[in-house]
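Everything on this sheet refers to the single structure shown next.
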Amino acid sequence: MGEKLDIITIGESLIELSSPTSLAYSKTLDKYYGGDTLCTAVAAQRLGSQAGYISRVANDPFREYLMDAWQSEGLDISQVKLIDGFNGVYFIGHPENEEKEFVYYRKKTAATKLSIDDIYKEYILSADIIYATGVTQSLSLSAKEAVKKAFQIASENNMTTAYDPNFDPRLWGVQDAKDAFDEISDYISIMFLSLEHDCIKLFEIDSPDKCIKYLWDKGISIVVVKSAKDKGYFVGFEGDITFIKFQTEEVVDSTGSGDAFNGAFLHGLNSGMTAFEAAKLAAIDAAIQCKGMGAIKSTPYKEEVYSAYYGQ
């Protein structure tokens with residue numbers, strides 16, 4: 001635990017099984033791994049950051065696959081605990097001329113056992129940025145307490161904390177998500193939101209500018225609102241709001257593109273970029289990511305992303 005880290009993320013991992021066609025008629029499924037905070041960690045790692053990951057993994061047949069894959073990525077997994085049980089799984093299908101299919105099974109998985117016992121102060125203090133999401137909080141009461149403890153430690157030690165509500169009504173209700181945000185809002189430095197899923201549903205605000213100003217008033221210094229309607233990102237920092245457009249319309253699979261954006265943004269910011277420069281880098285990362293299948297499988301590496309960034 002003595003290694004200096006750039007970012008630590010907290011959350012769940014799942015096995016990803018995907019198909020370029022409908023799940024109903026696919027004869028084979030491509031295996032990889034996913035999870036929103038894991039995707040963010042890998043995105044930052046592939047750009048050159050050193051990322052750590054806090055989670056629990058079950059001793060089922062996927063254990064070695066997951067642990068070996070993360071070690072190959074270079075992630076610090078010293079705080080990933082192995083326990084009895086099973087790991088979660090999700091399926092992605094792409095029927096022709098229809099909306100993407102997305103099905104997951106994540107109840108009572110190893111990750112739902114996350115708790116404050118998984119949060120060590122020395123480990124938290126070894127990083128520059130601590131990141132978690134509403135998805136992590138939705139896993140269980142104990143997981144929500146783990147996020148709060150990590151953010152409290154970070155805030156009390158003047159560290160940067162980043163948060164994405166990543167609201168999904170299939171996981172929990174609006175009020176539960178609001179309460180989870182309220183529990184840690186005083187500790188958040190950076191916040192990522194979807195206009196459609198977070199600003200409108202959680203805060204009943206349909207304007208990116210108004211949502212940014214609302215969160216500024218809560219003491220959150222950097223706010224990024226992703227808007228599908230406007231096809232871009234609204235970035236609020238130090239009283240200025242800048243719009244950065246999506247970098248592609250060639251979307252093959254959007255799964256995890258927002259999480260990849262978050263990882264690239266945190267990497268850029270921690271590397272010395274301004275919030276607006278980091279958002280441009282992150283927009284490129286997300287654009288490349290969504291041109292491939294899968295959440296993490298298609299997440300790009302440093303050379304490709306930086307080449308596009310400096311080529312603009």
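Is it the case that some residue within region 87-109 is open to solvent by less than 20 Å² (accessible area, probe 1.4 Å) and within 21 Å of HIS197 (Cα to Cα)?
Yes, some residue in region 87-109 is open to solvent by less than 20 Å² (accessible area, probe 1.4 Å) and within 21 Å of HIS197 (Cα to Cα).
So which pairs qualify, if the first residue must be in region 207-235 and over 21 Å from ASN158 (Cα atoms), the second must be among the charged types (D, E, K, R) and assigned to a loop (DSSP other than H, G, I, E, B), the Cβ gap must be under 9 Å, and the two must be at least 6 apart or on different chains?
Pairs that qualify, where the first residue is over 21 Å from ASN158 (Cα atoms) and the partner is among the charged types (D, E, K, R) and assigned to a loop (DSSP other than H, G, I, E, B), are PRO208/ASP230; LYS231/GLU249.
Out of curiosity, is ALA127 assigned to a loop (DSSP other than H, G, I, E, B), crowded, with 23+ Cβ neighbours inside 10 Å and touching a residue at least 40 places away in the same chain (Cβ under 8 Å)?
Spelling it out, ALA127 is indeed assigned to a loop (DSSP other than H, G, I, E, B), crowded, with 23+ Cβ neighbours inside 10 Å and touching a residue at least 40 places away in the same chain (Cβ under 8 Å).
With a cut-off of at least 2 residues that are crowded, with 20+ Cβ neighbours inside 10 Å, name the strands (runs of 3 or more DSSP E) lying wholly within region 195-312.
Those strands (runs of 3 or more DSSP E) span 222-227, 232-237.
With the checklist (1) at pLDDT 95 or above; (2) touching an Asp or Glu at 6+ places or on another chain (Cβ under 7 Å); (3) surrounded by 19 or more Cβ atoms within 10 Å (Cβ to Cβ) in hand, flag the one item SER18 doesn't pass.
Among (1) at pLDDT 95 or above; (2) touching an Asp or Glu at 6+ places or on another chain (Cβ under 7 Å); (3) surrounded by 19 or more Cβ atoms within 10 Å (Cβ to Cβ), SER18 violates only (1).
Please list, ordered by first then second residue, the pairs with beta carbon atoms under 9 Å, 6 or more apart or interchain, first in region 98-115 and farther than 20 Å from MET67 by Cα and touching a residue at least 40 places away in the same chain (Cβ under 8 Å), second part of a loop (DSSP other than H, G, I, E, B) and among the hydrophobic types (A, V, I, L, M, F, W, C).
GLU101/LEU23; GLU101/ALA24; VAL103/LEU23
Looking at region 189-212, is at least one residue of a type outside the set (S, T, N, Q), more than 30 Å from VAL251 (Cα to Cα) and in contact with a Phe, Trp or Tyr (Cβ under 8 Å, 6 or more places away or on another chain)?
No, there is no match, as no residue in region 189-212 is of a type outside the set (S, T, N, Q), more than 30 Å from VAL251 (Cα to Cα) and in contact with a Phe, Trp or Tyr (Cβ under 8 Å, 6 or more places away or on another chain).
Could you please find all residues in region 130-157 being closer than 18 Å to VAL223 by Cα and surrounded by fewer than 21 Cβ atoms within 10 Å (Cβ to Cβ)?
The one that is closer than 18 Å to VAL223 by Cα and surrounded by fewer than 21 Cβ atoms within 10 Å (Cβ to Cβ): SER155.
With respect to the numbered conditions (1) free of Cβ contacts under 8 Å to residues at least 40 places away in the same chain; (2) closer than 24 Å to PHE265 by Cβ, which one is the sole condition not fulfilled by ILE10?
Against the list (1) free of Cβ contacts under 8 Å to residues at least 40 places away in the same chain; (2) closer than 24 Å to PHE265 by Cβ, ILE10 comes up short only on (1).
Filter region 138-171 for residues that are closer than 20 Å to THR255 by Cβ and aromatic (Phe, Trp, Tyr) and give the result. First the steps, then the outcome.
Looking only at region 138-171, we keep the residues that are closer than 20 Å to THR255 by Cβ, and these are 138-139, 164-171.
Selection gives PHE167 alone.
What is the residue count in region 110-124 for residues that are among the hydrophobic types (A, V, I, L, M, F, W, C) and either part of a loop (DSSP other than H, G, I, E, B) or open to solvent by 20 Å² or more (accessible area, probe 1.4 Å) (or both)?
Of the residues in region 110-124, 3 are among the hydrophobic types (A, V, I, L, M, F, W, C) and either part of a loop (DSSP other than H, G, I, E, B) or open to solvent by 20 Å² or more (accessible area, probe 1.4 Å) (or both).
Looking only at region 212-233, filter to residues that are more than 20 Å from the chain's Cα centre (by Cα) and not hydroxyl-bearing (Ser, Thr, Tyr); which one of those is nearest to VAL174 (Cα to Cα)? Working first, answer last.
Going through region 212-233, the residues more than 20 Å from the chain's Cα centre (by Cα) turn out to be 213-214, 216-219, 229-230.
Then drop every residue that is not not hydroxyl-bearing (Ser, Thr, Tyr), which leaves 213, 216-219, 229-230.
On the way: LYS213: 21, TRP216: 21, ASP217: 22, LYS218: 19, GLY219: 22, LYS229: 22, ASP230: 24 Å.
Result: LYS218.
Hand me the list of strands (runs of 3 or more DSSP E) wholly inside region 1-93 holding 2 or more residues that are more than 21 Å from ALA110 (Cα to Cα) and of a type in the set (Lys, Arg).
Correct list: empty, since no element meets the threshold.
Okay, residues lined up against (1) surrounded by 23 or more Cβ atoms within 10 Å (Cβ to Cβ); (2) modelled with pLDDT under 95:
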| site | (1), (2) |
| --- | --- |
| MET1 | no, yes |
| LEU5 | no, no |
| ILE8 | yes, no |
| ASP30 | no, yes |
| LEU38 | yes, no |
| ALA44 | yes, no |
| SER49 | yes, no |
| GLY52 | yes, no |
| ARG56 | yes, no |
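Among the residues of region 288-307, which ones are modelled with pLDDT of 95 or more and either more than 16 Å from PHE246 (Cβ to Cβ) or small (Gly, Ala, Ser) (or both)?
Within region 288-307, THR299, TYR301, LYS302, GLU303, GLU304, TYR306, SER307 meet the criteria.
PHE102 fails exactly one of the following numbered conditions: (1) at pLDDT below 90; (2) farther than 19 Å from GLU12 by Cβ. What is the number of that condition?
Single failed check for PHE102: (2).
The values are calculated or read from the model by the stated rules, or taken from the named source; none is laboratory data. What you see is a predicted model; the values in this text were computed from it and never measured. Backbone-built Cβ (ideal geometry, glycine too); neighbour counts: all protein chains shown. To get the accessible areas, we keep the full protein, side chains included, count just its heavy atoms, and leave off ligands, DNA and RNA. Shrake-Rupley method; radii C 1.70, N 1.55, O 1.52, S 1.80 Å.
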